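Following: one structure in C-alpha cells, then a few remarks.
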Amino acid sequence: MGLLIALLWLGAAILLVRISTLPLVHAAAIVCAGIAGTTLPDLDLLLPIGHRSALTHSLLPLGLALCARHWRPVMAGLAIGIGLHLAADAFPNAMRGFATVKLPGFGSLGVSGSYAWLGVQAVVATLAGAVLLAATLPVGLSLATALVLTLIGVAYLFATDGGWWALGCYAALGWIAIGGNRNAASASDGSA
C-alpha cells in the first residue's frame with residue numbers, strides 16, 4: 001500500500017510540473033516528489049531483483065530522468081527523498097541477509113560494501129537534490145521548500161527503522177555546515 005501511495009505522490013509531482021511553470025507550483029512538485037522518494041527505493045519488493053537492489057537503492061532512477069530539463073523539480077524532490085530513505089537503510093538492526101545491498105546477477109555486496117553503497121548514495125542523493133532545488137527555484141522559495149522538506153525528512157526519519165541514527169548524522173552535518181559558514185564569514189569579516 002505504501003508503494004502505491006508513493007507512486008500517487010510521484011504522479012502528482014509529474015502532473016504539477018506538466019501543467020505549470022510557476023515557481024510555486026514547482027515547489028509543490030518538489031515536495032510531492034520528496035515524499036514519494038522516501039518510499040520508492042522499496043519498489044524492488046515488487047520486482048524480481050530482490051530487496052535492497054543496487055538498481056533501486058541508488059541514484060540510477062534519478063540519472064535516467066535527468067536528461068530532460070523540465071524534470072528538474074521532480075528530480076530535486078526525488079533525490080532528497082531517496083537520500084533520506086538510503087540514509088535510514090544505512091542503519092539497519094543488523095547488516096546481513098535482507099538488509100544487505102544486492103547487485104543483480106552478482107548477489108550481495110556484503111556488510112562493508114552495503115554500508116559504503118548506502119552511505120555514499122545517501123550523501124550524493126541529498127546533495128544532488130539540494131543543488132537541483134537551488135537551481136530550480138528562486139532563493140526565498142527554495143529556502144521555504146527546503147524547510148518543508150526538512151520537516152518531512154525529520155518526520156520520516158523519526159518514524160522509520162534506522163532513522164534516528166540517520167537523523168543524527170544529518171543534524172551533525174548541518175551543524176558542521178552552519179558552523180563552517182560562520183567561521184568562514186568571521187574570517188572574511190576580520191580580514192577586511
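The values are calculated or read from the model by the stated rules, or taken from the named source; none is laboratory data. Since the model is a prediction, treat every value here as computed from it, not as a measurement. Heads up, the Cβs are rebuilt from the backbone with ideal geometry, glycines too, and the neighbour counts pull from every protein chain shown. The protein model used for the area step is the full one, side chains on, heavy atoms only, and it has no ligands, DNA or RNA in it. Shrake-Rupley method; radii C 1.70, N 1.55, O 1.52, S 1.80 Å.
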Scanning segment 40-59 residue by residue, those touching a helix residue (DSSP H, G or I) at 6+ places or on another chain (Cβ under 7 Å) and open to solvent by less than 10 Å² (accessible area, probe 1.4 Å) turn out to be 41, 53, 54, 57, 58
When segment 109-129 is checked residue by residue, the ones that are crowded, with 21+ Cβ neighbours inside 10 Å and aromatic (Phe, Trp, Tyr) are 117
When every residue in segment 130-143 that is part of a helix (DSSP H, G or I) and over 17 Å from the mean Cα position of the chain (by Cα) is compared, the one surrounded by the most Cβ atoms within 10 Å (Cβ to Cβ) is 141
Suppose the filter is under 26 Å from residue 168 (Cα atoms) and at pLDDT 95 or above; does residue 84 pass it?
yes
Per the filter on segment 144-189, residues loosely packed, with under 12 Cβ neighbours inside 10 Å and either at pLDDT 95 or above or of a type in the set (Ser, Thr, Tyr) (or both) are 147, 151, 186, 188
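Out of 19, 14, which single residue is without any contact (Cβ under 8 Å) to a residue 24 or more places away in the chain and over 21 Å from residue 162 (Cβ atoms)?
Numbers: 14 fails: without any contact (Cβ under 8 Å) to a residue 24 or more places away in the chain.
Sole residue among the options that is without any contact (Cβ under 8 Å) to a residue 24 or more places away in the chain and over 21 Å from residue 162 (Cβ atoms): 19.
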Output for Cβ contacts, cut-off 7 Å, separation at least six or different chains, first residue free of Cβ contacts under 8 Å to residues at least 40 places away in the same chain in segment 166-180, second open to solvent by 60 Å² or more (accessible area, probe 1.4 Å), reads 167/154; 167/158
